[in-house]
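One structure is given below, encoded as structure tokens.
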Amino acid sequence: MVISSKQNKIHKNHASQRVRQISPSGIRKYFDLISPDVISLGIGEPDFTTPWNIREAAIYSLEKGFTMYTSNYGIPELREEVSRELERLYGLRYDPKTELIITVGVSEGVDLVMRAIIDPGDEVIMTDPCYVAYQPAVTLSGGIPVLVPTDQEHEFTLPASEVEKRINSNTRALLIGYPSNPTGAVMTREGLLQLADVARRNDLLVVSDEIYNRLVYGVEYTCFAALPGMKERTILLGGFSKSYAMTGWRVGFAAAPAGIIENMMKIHQYTTMCAPIMGQMAAVEALKHGEDSVQEMVESYDWRRRVMLKGLRDIGLTCFEPRGAFYCFPSIKKTGLTSEEFSERLLKEEQVLVIHGSTFGKCGEGHVRCCYATSMPNIEKALERMGRFVSRLI
Amino acid sequence: MEAKAKTMKNVLKILEKDARTPPEKIATMTGLSRDEVANIIAQAEKDKTIVKYKTIVDWSRMGDDQVMALIEVKTVPRRDVGFDAIAERIYSFPQVHSVYLVSGTYDLQIQVVGKTIQEIGEFVSEKLSTLDSIQGTVTHFLLKKYKEDGEVLHPGEKNNRLVASP
């Protein structure tokens, strides 16, 4: 569609101040540059199709006529299963009636929680780099994102001392997302305990996006809400997209104290009403009978993680070992290119798509995000092409 | 012991998916050294945990005239040896690809491969049915293979993922 300059002007004049403050995601520009020969390491989703038993459960639910709205909180059976799963994994007990809400993916969860807890001028502390939606969610809620630089040297973890330096009377919450997209970083229990201590002493809420909770390799996973005293001040966001390869189903959940869930529900009921019922039915099956599939996928990601990490290091890029999600985040500083130049030239010259780190924040500059949720032959071919490209630069 | 078994399983799973994966790559994938991987494989080959390396071939793409039949076999088990003796007798025929003892209305399920329907028919009537302790057979000729050893032979699903996503 061609938009005339006059139309453009009208649209601009009618844009809200809040929406003017945010930019479209830097990832969009790659769509126009793609040719059939391109190997994409730029995809932020599993390369598995949703396991068949989960798909079949959704088909069955359609056959049975489950095509209607659900409770604003989500279907009771799914809330009960989520509650059981959180208890099984972390020993956490959430009341499925009052402390859980089913959302349209974690993306809606982030939006809901920010709108539910933020007043204009409130500050939310988060890492730089971080997932692309965090800053806009805070900005659109009238809040101010406060960024804490993280770096490769510290494996992109969030130091409690740096968080504390940025706390003032306007600070409302800490937003963390580990395992991290884009870096693949995982926080240790000790590191999270230090953040918990800061949150307690400063009476902060903690929004913990744990969508990658099951995709962790060779290290212990700690759920933030399971730390002593943290359940009462944590909004735990989780979902099915990554663990069960269910990105397109758009089902997630938020677990939090009843008062916060109630406020999130108020926004949810007027904006989305409910997550799609077939997705919710599929999610029930995922939780009941999906564990083997999770284990199988995690194993497969781990194999590919190791191959990509070694491959990136072999071609001369420095990369810390990512312990979660499905991303490597190597430094490309020694090539002398910016991350955007690196990505664009790699795509044009060698037909490999990686995502420039600066799209995830200033501190992502000098890095590119390489997703290993693609086939092993693709990973090997992409590494070969990247090797050729990098050898021309260093 | 448990960790050792887990490590070995990890290596075997990789080989089961692709028997051509070189030890160096398995080492990278598992975090083991190349020698550790080689030792695990050697041990598994020696104790027959790894029975054989083979290739799944879709012969229909080669225009091959191969015919396969699944045959249900009802037998009379013998004292002391149960079904083992008759199973051994059957699997020794080279045209028999697999033999399974199964529960249900018959005892053995066997897969037989031949060049023509007649060839398999002759095997069933002349060799199989005439064996002592065979009570009866039901032969099903295979019309099309959809999935073999966990591999879909004619995948119907395409990769519809976006080329880039957040």
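FYI, it's all coordinate maths here, none of it is from the lab. As the structure is a prediction and not an experimental result, all values here were calculated from the model. Quick reminder, even Gly has a Cβ in these numbers, built from the backbone with ideal geometry, and neighbours come from all protein chains shown.
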Selection from B:Ser103, B:Leu131, B:Val37 lying farthest towards where the dipole of chain B points positive, charges on Cβ: B:Val37
R0 of 51 Å, Cβ-Cβ distance B:Glu157-B:Thr7: FRET efficiency to nearest 0.05: 0.95
Using alpha carbons only: equivalent-ellipsoid semi-axes of the stretch A:276-368, gyration tensor based, whole Å: 33, 17, 12
Trypsin sites (Lys or Arg not before Pro) restricted to DSSP loop in the stretch A:146-199 with at most 15 other C-beta within 10 Å: A:Arg166
Most mobile of A:Thr234, A:Thr272, A:Thr50 in a GNM of chain A (Cα contacts under 10 Å): A:Thr272
Highest-MSF residue in chain A out of A:Met68, A:Met264, A:Met187 [GNM, Cα springs under 10 Å]: A:Met68
Mean ellipticity per residue at 222 nm, deg cm²/dmol - from DSSP H runs of n ≥ 4 across chain A, formula -39500 (n - 2.57): -12500 deg cm²/dmol
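May I ask you to sort A:Tyr372, A:Tyr30, B:Tyr53 by Cβ crowding, counting other Cβ atoms within 10 Å and putting the fewest first? Provide the component values of the computation, followed by the final result.
Working: A:Tyr372 29, A:Tyr30 22, B:Tyr53 9.
With the sparsest Cβ surroundings first, the list reads B:Tyr53, A:Tyr30, A:Tyr372.
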Dipole of chain B, positive end: most advanced residue of B:Ile86, B:Thr21, B:Gly121 [Cβ charges, Cα centre]: B:Thr21
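When Lys and Arg each count +1 and Asp and Glu each count -1, what net charge do the other residues less than 15 Å away from A:Pro149, Cβ to Cβ, add up to?
On the way: positive: A:Lys165, A:Arg166, A:Lys362; negative: A:Asp128, A:Asp151, A:Glu153, A:Glu155, A:Glu162, A:Glu164, A:Glu365.
So the surrounding residues net to -4.
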Candidates B:Gln118, B:Gln109, B:Gln43: whichever shows maximal mean-square fluctuation once chain B is modelled as a Gaussian network with Cα springs under 10 Å: B:Gln43
Packing-based exposure ordering (other Cβ within 10 Å, fewest first) of A:Cys370, A:Cys328: A:Cys328, A:Cys370
Charge context of A:Thr139, other residues only, Cβ under 15 angstrom, K/R +1, D/E -1: -1
log10 of Debye I(q)/I(0), alpha-carbon scatterers only, for the stretch B:59-144 at 0.15, 0.20, 0.25 Å⁻¹: -0.53, -0.88, -1.30
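Over all pairs of distinct alpha carbons, what does the Kirkwood formula give as the hydrodynamic radius of the stretch B:50-95, in Å? Could the numbers behind the result be given before it?
Details: mean 1/r = 0.0711 Å⁻¹.
Value: 14.1 Å, from the Cα pair sum.
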Radius 11 Å from Cβ of A:Ser300, net charge of other residues (Lys, Arg +1; Asp, Glu -1): 0
Ascending count of other beta-carbon atoms within 10 Å, so fewest first, for A:Leu62, A:Leu192: A:Leu62, A:Leu192
Axial C-alpha extent at least 15 Å, average Kyte-Doolittle at least -1.0 - helices from chain B (DSSP): B:2-17, B:34-46
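Tell me, Kirkwood radius of the protein assembly as shown from alpha-carbon pair distances, in Å?
When all Cα pairs of the protein assembly as shown are included, the Kirkwood radius is 27.0 Å.
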Dipole of the protein assembly as shown, positive end: most advanced residue of A:Met278, A:His11, A:Ala116 [Cβ charges, Cα centre]: A:His11
Zone residues, the stretch B:132-160, relative to B:Ile117, backbone N less than 18 Å from point 7 Å out along Cα-to-Cβ: B:138-145
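Please compute, over every Cα-Cα pair in the stretch B:2-46, the percentage with a separation greater than 14 angstrom.
Working: 392 of 990 pairs.
Counting pairs separated by more than 14 Å, the tail of P(r) holds 40 percent.
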Hydrodynamic radius of chain B per Kirkwood, over alpha carbon pairs, in Å: 19.5 Å
